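Below is one structure, written out as structure tokens; comments come after it.
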Amino acid sequence: MARGRFRPPPKPNDKGLRHNDMIRVPQVRLVDENNEQIGIIDTNAAKDRAQDAGLDLVEVSPNSDPPVCRIMDYGKWKYAQKKKESKAKSHASQSELKGIRLRPNIDEHDLGIKLKKARQFLEEGHKVQFTMLFRGRQMAHQGLHLDLMRNISSQLEDVSKIEQIPKMLGRRATMVLAADKSGPKTKKDDTPRPAPAPAASKPAAQPPAPAPNLETASTPNE
């Protein structure tokens, strides 16, 4: 007696959602196209209702007993899911961590170039990690990184916010700025500002000269 070839049931796709003939359980708990709870009915009857409505029977909760199925437009749902995934991937690819290296004794010109590049990254929605590496005797001046990092965050505060405060890790100082999407602020000049010079001391004000006493002043003889 010849035996028929064994055919495995079709595998679920699209994140495990079975639909129509992929649903092989005898009974399902049905939710119709109007989002109304129908209750537990035979699977074939649920398929017939979906076909009469011109829609699909989709298994939305396979772990329930019996599984929960919904009558819906499966093609439209799948298109919406792909659109959401594409949007999420696009958003994730837009936000990256950009790195900018600094030197403890960086001059104003080089720092200005670094700030302009960092501003460009932040305006594009990226995060920026500033890294300062100390070598040799520079380790004796670790406090310089705090002043420089504060200067940088101040210059870029109109387009960013501090995500990681400046900190030392061995010979490396790091700070992370994230793009600030709360709204536009007053744009600051990227040119590093020198420390303000101490104000010159003003001479003490001299007291005004006393007014002449007209009563005791002598008058010339006529």
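Where a number appears in this text, it was derived from the coordinates with a stated rule and is not lab data. Because the structure is a prediction, the values reported are computed rather than measured. Neighbour counts are summed over all protein chains in view; Cβ atoms, including those assigned to glycine, are modelled from backbone coordinates with ideal geometry.
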Seminar exercise, completed: Given pairs 87/116; 47/76; 89/167; 127/161; 82/181; 89/117 and cut-off 20 Å on Cα-Cα distance, the over-length ones are 87/116; 89/167; 82/181; 89/117
Problem set entry | For segment 18-23, Karplus couplings with θ = phi - 60° (6.51, -1.76, 1.60), whole Hz, Gly/Pro x | 8, 8, 6, 5, 6, 8
Exercise. Which order do peptides 101-111, 148-158, 60-70 fall in by mean Cβ count within 10 Å, highest first?
Worked result: 148-158, 60-70, 101-111
Problem set entry | Protection proxy ranking, peptides 165-178, 35-48, average beta carbon neighbours within 10 Å, highest first | 165-178, 35-48
